[in-house]
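The values are calculated or read from the model by the stated rules, or taken from the named source; none is laboratory data. Every value quoted in this text rests on a predicted model; they were computed, and no experiment measured them. Every residue, glycine as well, gets a Cβ built from its backbone with ideal geometry; the counts of neighbours run over all protein chains shown.
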DNA sequence: TTTCTTGTTGCGAAAATTCGCAACAAGACG
DNA sequence: CGTCTTGTTGCGAATTTTCGCAACAAGAAA
Ligand SMILES: [Mn+2]
Ligand SMILES: [Mn+2]
Ligand SMILES: [Zn+2]
Ligand SMILES: [Zn+2]
C-alpha cells in the first residue's frame, strides 16, 4: 500500500474516531485496487481476508473515509459510485462516454470558473473531485452526435 | 401539464419509438411534480392512476426519456438521482450543502470553461444539466469550514 | 481495577434499483 | 383480414444499498 498510514491514523484519532482493523483493511483495499474502485470490488477483496466483515460496514466506511477527505468519491459513466485515494491536491476527471477513457485534470483548471461563480453568485463551489462527461479526441470524429 | 405533448410525440415516433400510455403518464407526473423529482415520487403518483404500472417501468421510462433529451437527470445533495423536464435551453444548478437551496445557472456561464477544455485537452464536455455543490451566500458566514 | 460513555460493527430486514423473460401490442407487409 | 417484426410492459427474482438495533470494544473516568 502507498498511503501514509501513520499520518491518517493520527488524523482520525485526533478527531475522536477510531482506527479499526476494518477501516485499515478497506483503506488498503482501495489503495491496492487503484482508481475508481466500486464498493462491491472492495467487499470482494476484504471479504477474503476478513470473512465476517459485512457489506454494510464497507459502505459505511467508504462514506466515512470520504467525509474525512481520505477517500474521494466519483460517479462513473454508468452512474455508479466509485472511490479512490484522495491525495493532498484535488484533481478531476474527463470521462469519455464512448470509450470510457479517463483523463486527469489538475485542480488549477477550475480556478477561474470558481472565481466567476464566487463573484457572480456569491456561491463557493466545493470542488474536491469532479467528473465531466463528454467525448475525447479519438471518439469525436468517429462518433456522430 | 405544461409540456408540448404533440411535439414530443412526433419526436419519439420519428425515431421509431412508441408513445405509450405509461410514458405519457410518467412524463405528466414529472412535469406536475416540479423540479428534482425522484423515481419513487413518480411511482407514487402514477400508481394511483394506473395501479398495474410497475416500478421497473418507471425506472426504465425515466432513463429512456433522459436519453431522448426530454428529461434531464440530476444528482441531489444526498446523492440520489432525480429528474425534471429538460427544456430547450440547458441549465445548471448550484446546490448548497448546508441548506439544500437551489440556484439555477444559465448555460452561458459554462461557455468559457468548455472552450478551455476543448482547446487544452481536445475534449468536448457534454453539459446538458450539471449540479455544483458548495455553500451559498447565507451559509458561508454561519458555517465554519 | 471497575464503571461509563460513546464510537463501531455484524446481522438481518428493508428499501431501492436492475435484470431476464414471457406476454403483449403497434404497425408494416402480405 | 392474418402474419411478422420489433418495441414495450409486468412480473418476479436478483442485486445493490440503506437502516435499525443489539452487542462489542476502546478509552476516559472514578
Ligand atoms: Mn480521481
Ligand atoms: Mn435543473
Ligand atoms: Zn473516447
Ligand atoms: Zn445555503
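Here are the numbers for the structure shown:
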read-out	value
Filtered residues of segment A:111-131 (kept if at pLDDT 90 or above and within 18 Å of the chain's Cα centre (by Cα))	A:125
Residue B:66 vs. criteria within 11 Å of another protein chain (Cβ to nearest Cβ) and either assigned to a helix (DSSP H, G or I) or touching a strand residue (DSSP E or B) at 6+ places or on another chain (Cβ under 9 Å) (or both)	yes
Within segment B:106-143, considering residues that are at the interface with chain A (Cβ under 10 Å from one of its Cβ atoms), free of Cβ contacts under 8 Å to residues at least 24 places away in the same chain and not in a helix (DSSP H, G or I), the one farthest from residue B:3 (Cα to Cα)	B:122
Counted residues, segment A:1-16 - those being out of contact with any helix residue (DSSP H, G or I) (no Cβ under 7 Å at 6 or more places or on another chain) and surrounded by 13 or more Cβ atoms within 10 Å (Cβ to Cβ)	5
Residue within segment B:125-132 that is in contact with a helix residue (DSSP H, G or I) (Cβ under 6 Å, 6 or more places away or on another chain) and closer than 30 Å to residue B:10 by Cα present	yes
Residue in segment A:136-145 that is within 16 Å of ligand 4 (Cβ to nearest atom), out of contact with any helix residue (DSSP H, G or I) (no Cβ under 7 Å at 6 or more places or on another chain) and at pLDDT 90 or above present	no
Condition met for residue A:84 (more than 11 Å from DNA strand D (Cβ to nearest atom) and crowded, with 18+ Cβ neighbours inside 10 Å)	yes
The one condition in (1) more than 10 Å from DNA strand D (Cβ to nearest atom); (2) more than 14 Å from chain A (Cβ to nearest Cβ); (3) under 25 Å from residue A:77 (Cβ atoms) that residue B:61 fails to fulfil	(1)
Selection within segment A:22-63 - in contact (Cβ under 8 Å) with a residue 24 or more places away in the chain and surrounded by fewer than 16 Cβ atoms within 10 Å (Cβ to Cβ)	A:32, A:34, A:35, A:38, A:49, A:50
Selection from segment B:76-105 of residues that are assigned to a loop (DSSP other than H, G, I, E, B) and away from chain A (no Cβ under 13 Å)	B:86, B:87, B:88, B:89, B:90, B:100
